[in-house]
Ligand SMILES: [Zn+2]
Ligand SMILES: [Zn+2]
């Protein structure tokens, strides 16, 4: 329905918006300047706009010219606590804050999709919900927006949801990637505190030493991972911090360690969490120490619905050409709060290369790096991709409904079938 050239009239404005967002990045759930820029950029479009209560989100609904279901497009808007060293002319003017994950491109791209879809509003077979989301980088903004009703913003539950993420590395400019099933890992963070009884290093029999218990927990956890996760559905557990005591001859009262856990399926996630708690409590019991486990599940596994991933692949190929999208062989070990959306409704997540031409994608600084550069030219491409996905998905839903209607009429007899065909030709 859309091609790259459809974005040309908007490209300059969208790139200016992207650069303005980049100059003034904001962190977390409270992005008032970003929200104001988005509202200004959507001004004049025929949208039903609501703002978040617990966060500075923007939800916009576009009503299509024909009746049909609703689909959702998401763009995250928050930046990172990173001091920019990219060297671009529109670098961050806020010390210690940078759009190092490219969410400025997502925001501008989603604004572009709203303009494109509004320009063909009459041809849309249903409604589009635009989800402008703060707090992706650890604050669960998507979950808060779900709680505030974004999935039902059009009056009925959206039938599909799509999100796009730009990459400063790996993918050449303008090349898309997606896959069916798991696309991103689940990530958990865990803090374990072990408490015994302090004493003199010369008389451990009078103390309850937490140090050997901590050491045994760390190594036992690595064994637990290898004995729990399927080799083809792996898990990663790393203890990145361990502390106890302050002197060579004093047995400390307590000690602590912190770990990150990455998994790629809900089943392995559940098994590893259960194994973690079992092993740590078991070792604590064996040593006669007390243990406290603070197990925080950050984001679940991001899973693309197989049918929707196939739809994304076909639609992007149809819009941009076969050489512009490929199916990724493996998930990435990063994580995403769009996972909360995909836990509720079918949909898919896709990546878009934004590596500046002349830079080797294999060695370009990656997302989150202070030197990461995302090329402006990815913005109109993101807009066209998102707009195409929404329009084509609504069209597909209308086609399926029409086919179901004809089938039902055919079952009711030849006269009803002829009447149904006539009705549909007239509509
Ligand atoms: Zn990020
Ligand atoms: Zn990101």
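Quick note: the coordinates plus some simple rules give every number you see, no bench work behind them. Because the structure is predicted, anything quoted here is derived from the model rather than measured. Cβ coordinates were reconstructed from backbone atoms using ideal geometry, including for glycine residues, and neighbour counts include every protein chain displayed.
Placing pseudo-labels 7 Å out from each Cα toward the beta carbon at residue 12 and residue 246 gives an inter-label distance of 6.5 nm. What translational D, rounded to a whole number of µm²/s, comes out for the chain from Stokes-Einstein when the hydrodynamic radius is the Kirkwood one over Cα pairs, at 20 °C and 1.002 mPa s? The estimated diffusion coefficient comes to 90 µm²/s.
Taken along the Cα-to-beta-carbon direction at a fixed 7 Å, the label points for residue 258 and residue 66 span 5.4 nm. A Cα-only calculation for the stretch 133-241 places Rg and Dmax at 22.8, 71 Å.
Based on alpha carbons, the Rg and Dmax found for the stretch 161-215 are 24.6, 67 Å.
Our compactness index for the stretch 1-134, the C-alpha radius of gyration over the empirical 2.2 N^0.38 Å, is 1.08. From the alpha carbon centroid of the stretch 128-198 to that of the stretch 46-124 is 14 Å. Contact order, relative form, for the chain: 24 percent (alpha carbon pairs under 8 Å, 6 or more residues apart, mean separation divided by residue count).
Kirkwood radius and radius of gyration were both taken over the C-alpha atoms of the stretch 187-299, and their ratio Rg/Rh is 1.03.
Full extension of the chain segment joining residue 83 with residue 274 gains 64.9 nm, where the gain is 0.36 nm per residue of separation less the Cα-Cα distance.
For a modelled paramagnetic label at residue 215, 7 Å from Cα along Cα-to-Cβ, the residues of the stretch 247-284 in reach, with backbone nitrogen under 17 Å, are 247-257, 283-284. Kirkwood radius for the stretch 82-159, taken over all pairs of different Cα atoms as the inverse mean of 1/r, rounds to 15.1 Å. Once you reduce the stretch 374-402 and the stretch 241-306 to the center of their Cα atoms, the two points are 42 Å from each other.
Principal-axis analysis of the Cα atoms of the chain puts helix 210-228 at an angle of about 40° to the longest axis. In terms of the mean number of neighbouring beta-carbon atoms within 10 Å, the peptides 262-269, 289-296 order highest first as 262-269, 289-296.
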